[in-house]
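Visitor: Below are the structure tokens for one structure; questions will follow.
No lab work stands behind these numbers, since they all come straight from the coordinates. All figures in this text were calculated on a predicted structure; none of them were measured in a lab. Counting neighbours? That spans all protein chains shown, and the Cβs are built from the backbone with ideal geometry, glycine included.
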Amino acid sequence: MPDVSRRADLAGAFCACIAATLLPAAPSLAHAGEATPTDMLTGIYREAVKGEYPDWLKPQQRTKFLSKSLLALWARCDARKAPDDDTGPIDFDPTTDTNGLELESFTITRQNATANAAVLAVKLNYRKPYYRPGPPAVVTYDFVQEEGHWRIDSFHTTKWSIREMLTQWLKKQ
């Protein structure tokens, strides 16, 4: 009988050791590659508040964030851009809707959501002493599900749309 009891104790200790090793990793494994629209925007805007350039819009990073159709449109623009053209079709930071104001904080609100699409708005608050007349800037993001991942299909304000700017730029080239 002592052998059976000892084996049960060893098996229990082994299971506890495996569980202790795997459980801390479980949440990160479960969410890897499954960022929600809110998670994506929170990461983007936390970097913007730090004053970081929007890396998510660099060509090598876009596949992690943009839908296939928006990627294709932007790639067509990149292909037509002159080699010495640093700006291309977008000559400002659309993340912060500015060309020089510094972001202090942001608020994300979900405007609409279904199983395959979502619309989120990001209200921007700039650092003082900067002043921007009118109501606070709001950048709205349209998300779609593609191959099990959320991707940004477009983003816009009341004054511009990234899709429209890219499309119009292509027409002028």
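Visitor: Classify the stretch 35-172 from the C-alpha gyration tensor, please: rounded if a/c falls under 1.5, else prolate or oblate depending on whether a/b exceeds b/c. Mind dumping the intermediate values first?
Guide: On the way: a/c = 1.65, a/b = 1.08, b/c = 1.52.
Oblate.
Visitor: Based on other C-beta atoms within 10 Å, arrange ARG46, ARG151, ARG62, ARG80 from fewest to most.
Guide: ARG46, ARG80, ARG62, ARG151
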